[in-house]
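One structure below.
The values are calculated or read from the model by the stated rules, or taken from the named source; none is laboratory data. Computed from a predicted model, the values in this text were never measured in an experiment. Neighbour counts run over all protein chains shown; Cβ positions are idealised from the backbone, glycine included.
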Amino acid sequence: MAHRSSILATSLGLGAILFWSTVIAVSRELSEDLGAITSASYIYFLAGTVGLAIARLRHGSFGFVVRVPVRYLLGCGSLMVLYTLSLYLWIGLSADRTQTIEAGILNYLWPGLTLVFSVPILGRRARAGLAPGILMALAGVVLAMAPPDGWSWAGLGGRLAHGWAYGFALVGAVAWALYSNLSRRWARPDGAEGGAVPVFLLAAGVVLTLARFVRPEASHWTGPAAARLVYVALFPTLLAYLCWDYAVRRGNITLVASAAYATPLLSTAISCACLGVVAGPSLWVACGLVIGGAVICNFSVVESPDAHHNERSLSPRRATKWGKFVR
């Protein structure tokens, strides 16, 4: 029975990777129908509402929120909102579908950045391979952003004219890398913070709704657009996180973590197929460099004796201050 449970958990983790690999393609199509900010606001409102309903059934009440440390709720919540804003702004500001895929490769710097940030945040030790790993990943990003006819002043000017897309993709990568480390450092032993993810999703929906007033968009509702909206909200945005959490706790974590490194390649392949973009050899080489850089970084960061203390530096007494504050 335990073996079957582990297989199921591992399969769900692999499913989460597959769901995440479809985000760029489906979100780009959805943004073309509804607008990037409009579609994102609906996605996160729906995902947050459904997620809170599930958390309510799981915990029996919303009391789990008061057990969440203040700095986790505010700090990690802000990073989650920043990441969601960056994600859909880069998709919406891309000049075309090709640039959306290029910016997506830039966003996949986050696995390597997560390992880099784990050194100062979680107290891990860096080996000599960390710098070459980051340089390899950056080389992949530069290659992905290169104009089709090679680097030139004209080509550089064309890239800078739509540079906001690349900028937001980079901001998203940094935000998610920080979120991944700080959520681990500020986590409580009882796992109460896990129920806060739907709160973050709903908060992102609120912020994105306010952003719609700053940047009005025209929306064209169709049956396929509504189907895409429901799919992105429930599968990559909500269920993938739940599946991943279950896989990490009960599945073969080595297998699912190793498979996650293939996400940039799988995402690029799915995006090219769905968006009708013909990827040149340089784009695939760029994917390989980003993945290779992340793998090298993974082998170049090791646990230090005090890493466990750093990851659990929040005392139970300090964690209860949030509960006293909201009461």
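Tabulated results
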| read-out | value |
| --- | --- |
| Residues of the range 164-211 that turn out to be surrounded by fewer than 19 Cβ atoms within 10 Å (Cβ to Cβ), modelled with pLDDT under 85 and out of contact with any Leu (no Cβ under 9 Å at 6 or more places or on another chain), as a count | 3 |
| Criterion violated by Leu283 - all others in (1) of a type outside the set (Val, Ile, Thr); (2) crowded, with 16+ Cβ neighbours inside 10 Å; (3) closer than 23 Å to Arg184 by Cβ satisfied | (3) |
| Selected residue (only one of Pro132, Pro148 is surrounded by fewer than 20 Cβ atoms within 10 Å (Cβ to Cβ) and modelled with pLDDT under 90) | Pro148 |
| Test result for Ala25, of a type in the set (A, V, I, L, M, F, W, C) and farther than 21 Å from Thr114 by Cβ | yes |
| Residue in the range 213-229 that is at pLDDT 85 or above and among the aromatic types (Phe, Trp, Tyr) present | yes |
| Any hit, the range 76-86, residues being in contact with a His (Cβ under 9 Å, 6 or more places away or on another chain), of a type outside the set (D, E, K, R) and part of a helix (DSSP H, G or I) | no |
| Gly293 being farther than 13 Å from Tyr108 by Cα and either buried (at least 17 other Cβ atoms within 10 Å of the Cβ) or of a type outside the set (Gly, Ala, Ser) (or both) | no |
| Considering residues of the range 238-250 that are at pLDDT 75 or above and under 24 Å from Ile291 (Cβ atoms) only, the residue surrounded by the most Cβ atoms within 10 Å (Cβ to Cβ) | Ala247 |
| Helices (runs of 4 or more DSSP H) (entirely within the range 274-327) containing at least 2 residues that are modelled with pLDDT of 50 or more | 281-299, 307-311 |
| Condition check for Ala233: without any contact (Cβ under 8 Å) to a residue 40 or more places away in the chain, closer than 25 Å to Asp33 by Cβ, part of a helix (DSSP H, G or I) and not β-branched (Val, Ile, Thr) | no |
| So Ala259, is it part of a helix (DSSP H, G or I), of a type outside the set (D, E, K, R), out of contact with any Pro (no Cβ under 8 Å at 6 or more places or on another chain) and over 18 Å from Gly13 (Cβ atoms) | no |
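To keep it simple, each residue is scored yes or no on (1) within 20 Å of Glu217 (Cα to Cα); (2) polar (S, T, N, Q).
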position: Thr84; (1), (2): yes, yes
position: Tyr88; (1), (2): yes, no
position: Gly92; (1), (2): yes, no
position: Asp96; (1), (2): yes, no
position: Glu102; (1), (2): no, no
position: Leu106; (1), (2): no, no
position: Gly112; (1), (2): no, no
position: Leu115; (1), (2): no, no
position: Ser118; (1), (2): no, yes
